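Peer 1: Here it is, the structure in full.
The values are calculated or read from the model by the stated rules, or taken from the named source; none is laboratory data. Please read all numbers here as calculations on a predicted model, not as lab measurements. Reconstructed Cβ throughout: ideal geometry from the backbone, glycine too, with neighbour counts over all protein chains shown. All accessible areas refer to the heavy atoms of the entire protein, side chains included, with ligands and DNA or RNA removed. Shrake-Rupley method; radii C 1.70, N 1.55, O 1.52, S 1.80 Å.
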Amino acid sequence: MVIAARVVEKNKELCGKVGQTMGEVIVVTSGKGGVGKTTTSANIGTGLAQAGFSVVLVDTDIGLRNLDVVMGLENRIVYDLVDVTSENCRLKQALIKDKRFANLHLLPAAQTKDKTAVSPEQMKALAEELKKEFDYAIIDCPAGIEQGFRNAIAGADRAVVVCTPEVSSVRDADRIIGLLEAADLKNPKLIINRIRPQMVKRGDMMDIDDILDILAIDLIGVVPEDESIVVSTNRGEPCVMDKNSKAGEAYRRITKRIQGEEVPLMNLDVPEGFMDKIKKLVGLR
Amino acid sequence: MLEFISRILGKETASSKSLAKERLRLVLVHDRASISPAMLNRLREDLVQVISNYMEIDETALEFNLCQDERDVALVANIPVLKMKRDYAAKC
Ligand SMILES: Nc1ncnc2c1ncn2[C@@H]1O[C@H](COP(=O)(O)OP(=O)(O)OP(=O)(O)O)[C@@H](O)[C@H]1O
Ligand SMILES: [Mg+2]
């Protein structure tokens with residue numbers, strides 16, 4: 001509670017944007033399912049709130065909502081995204097306050113409707129409304145390239161594409177990048193998630209450079225495969241708050257880059273193991 | 001003996017990542033081409049224009065495709081020539 005109060009103060013000092021400058025809408029997308037969009041949305045949103053910005057997380061995965069549980073806010077839901085776009089309730093009524101940060105909010109997806117319950121035009125209007133209230137709106141996009149995707153990107157100013165170092169995920173990311181650019185969302189930024197330094201080292205996983213070479217877009221962060229993501233999801237507390245989490249550190253850096261800071265990539269090198277030493281000894285490396 | 005050790009330590013196996021990269025490269029040539037038939041169409045029109053400087057071609061019978069085998073992707077065009085342009089040769 002104390003932390004939250006202090007952050008709000010900081011927010012007022014630092015940003016001082018009460019209705020002056022417009023906020024930014026950032027969509028987190030991927031094409032392929034299960035690569036870490038929701039995890040990324042939760043961590044970027046929480047990271048930005050931690051840094052003092054006012055943030056709203058929007059779950060657009062209608063029918064398969066998840067951002068609420070990842071944030072640990074599933075028990076507080078009364079209204080949802082579809083209630084807002086169909087004017088069943090006012091925006092303020094549907095926004096759920098985060099437990100930890102008073103400047104962080106969630107607009108949950110509807111669970112009982114399907115993706116056609118919202119139109120891209122409605123999403124665009126909602127985005128405009130959110131920009132007046134918040135510094136950042138983070139949109140968690142559903143998998144796929146159909147209406148759910150079109151809804152999620154409709155009001156976005158910027159896009160973040162998440163992929164894992166696998167053939168199918170990179171392929172889908174390429175497709176998504178093409179679709180984003182066709183929709184005039186230029187210069188999407190890439191997050192490579194679930195990288196495993198051990199596998200990269202022995203040549204069994206594509207490295208950062210391999211993927212950048214193929215996709216030819218800017219990198220905004222690399223998140224390692226990390227058990228602390230599972231633990232933090234179990235708890236409903238994004239790992240960006242956990243000082244000891246490697247993935248958390250990666251997300252803290254991504255948060256800074258979103259604000260325009262230049263931060264070096266995290267060192268993901270694995271300490272030299274027993275087998276490495278033997279290989280060196282036998283002259284294999 | 002050393003061979004045996006190196007096999008255990010996994011030096012022999014070609015890295016699967018280069019396989020992944022190569023397969024991706026190929027599949028993306030096709031994906032990107034099929035996403036933008038507009039681009040292929042423009043390329044086709046540009047080509048016809050350039051070739052028409054040198055010869056008269058049968059545009060209606062022109063075939064124009066991206067072909068792929070195991071390792072390569074090629075742009076294959078089959079362009080029936082009706083007539084060579086004599087005046088162009090004279091100009092050079
Ligand atoms: N870096 C990571 N390390 C370990 N586990 C991870 C990591 N990133 C994501 N995961 C796990 O992968 C699963 C899928 O993540 P997430 O739900 O964020 O993906 P998604 O892209 O939102 O999926 P969907 O397409 O279904 O919406 C989750 O169980 C999550 O905990
Ligand atoms: Mg998700």
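Peer 1: Of A:ASP157, A:ASP172, A:ASP114, which residue is open to solvent by 10 Å² or more (accessible area, probe 1.4 Å) and in contact with a strand residue (DSSP E or B) (Cβ under 7 Å, 6 or more places away or on another chain)?
Peer 2: Just one listed residue meets the conditions, A:ASP157.
Peer 1: Of all the residues that make up the stretch B:35-56, how many are surrounded by 11 or more Cβ atoms within 10 Å (Cβ to Cβ), more than 10 Å from chain A (Cβ to nearest Cβ) and either touching a helix residue (DSSP H, G or I) at 6+ places or on another chain (Cβ under 7 Å) or within 18 Å of A:ILE177 (Cβ to Cβ) (or both)?
Peer 2: The qualifying residues number 4.
Peer 1: Could you list, in sequence order, the residues of the stretch A:26-39 that are under 16 Å from A:ILE138 (Cβ atoms) and either within 6 Å of ligand 1 (Cβ to nearest atom) or buried (at least 24 other Cβ atoms within 10 Å of the Cβ) (or both)? Reasoning before the result, please.
Peer 2: In the first step, residues of the stretch A:26-39 are kept if they are under 16 Å from A:ILE138 (Cβ atoms); the result is A:26-30, A:36-39.
Within the stretch A:26-39, A:VAL27, A:VAL28, A:THR29, A:SER30, A:GLY36, A:LYS37, A:THR38, A:THR39 qualify.
Every residue, every condition in (1) touching a Phe, Trp or Tyr at 6+ places or on another chain (Cβ under 7 Å); (2) in contact (Cβ under 8 Å) with a residue 24 or more places away in the chain; (3) within 14 Å of chain B (Cβ to nearest Cβ), yes or no:
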residue	(1), (2), (3)
A:VAL170	no, yes, yes
A:GLU181	no, no, yes
A:ALA216	no, no, yes
A:ARG257	no, yes, no
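Peer 1: Look at A:VAL78 and say whether it is away from ligand 2 (no atom under 12 Å from the Cβ), of a type in the set (A, V, I, L, M) and under 21 Å from the mean Cα position of the chain (by Cα).
Peer 2: No.
Peer 1: Provide a single number: the residues in the stretch A:149-177 that are over 11 Å from A:GLY31 (Cα atoms) and touching a helix residue (DSSP H, G or I) at 6+ places or on another chain (Cβ under 6 Å).
Peer 2: Counting residues in the stretch A:149-177 that are over 11 Å from A:GLY31 (Cα atoms) and touching a helix residue (DSSP H, G or I) at 6+ places or on another chain (Cβ under 6 Å) gives 6.
Peer 1: Another one. Only one of A:ASP209, A:ASP204 is open to solvent by 30 Å² or more (accessible area, probe 1.4 Å), assigned to a helix (DSSP H, G or I) and of a type in the set (Asp, Glu). Can you tell me which?
Peer 2: Checking each option against the conditions leaves just A:ASP209.
Peer 1: One residue is enough: does the stretch A:48-67 have a residue meeting the conditions open to solvent by 10 Å² or more (accessible area, probe 1.4 Å), in a helix (DSSP H, G or I) and either farther than 23 Å from A:SER245 by Cβ or at pLDDT 95 or above (or both)?
Peer 2: The answer is yes, given that some residue of the stretch A:48-67 is open to solvent by 10 Å² or more (accessible area, probe 1.4 Å), in a helix (DSSP H, G or I) and either farther than 23 Å from A:SER245 by Cβ or at pLDDT 95 or above (or both).
Peer 1: Filter the stretch A:42-75 down to the residues that are more than 14 Å from ligand 2 (Cβ to nearest atom) and polar (S, T, N, Q), then identify the one that is farthest from the chain's Cα centre (by Cα).
Peer 2: Going through the qualifying residues, I end up with A:ASN75.
Peer 1: Looking at A:GLU261, A:GLU249, which is the one that is out of contact with any His (no Cβ under 9 Å at 6 or more places or on another chain) and under 21 Å from A:CYS163 (Cβ atoms)?
Peer 2: Numbers: A:GLU261 fails: under 21 Å from A:CYS163 (Cβ atoms).
From the options A:GLU261, A:GLU249, the qualifying one is A:GLU249.
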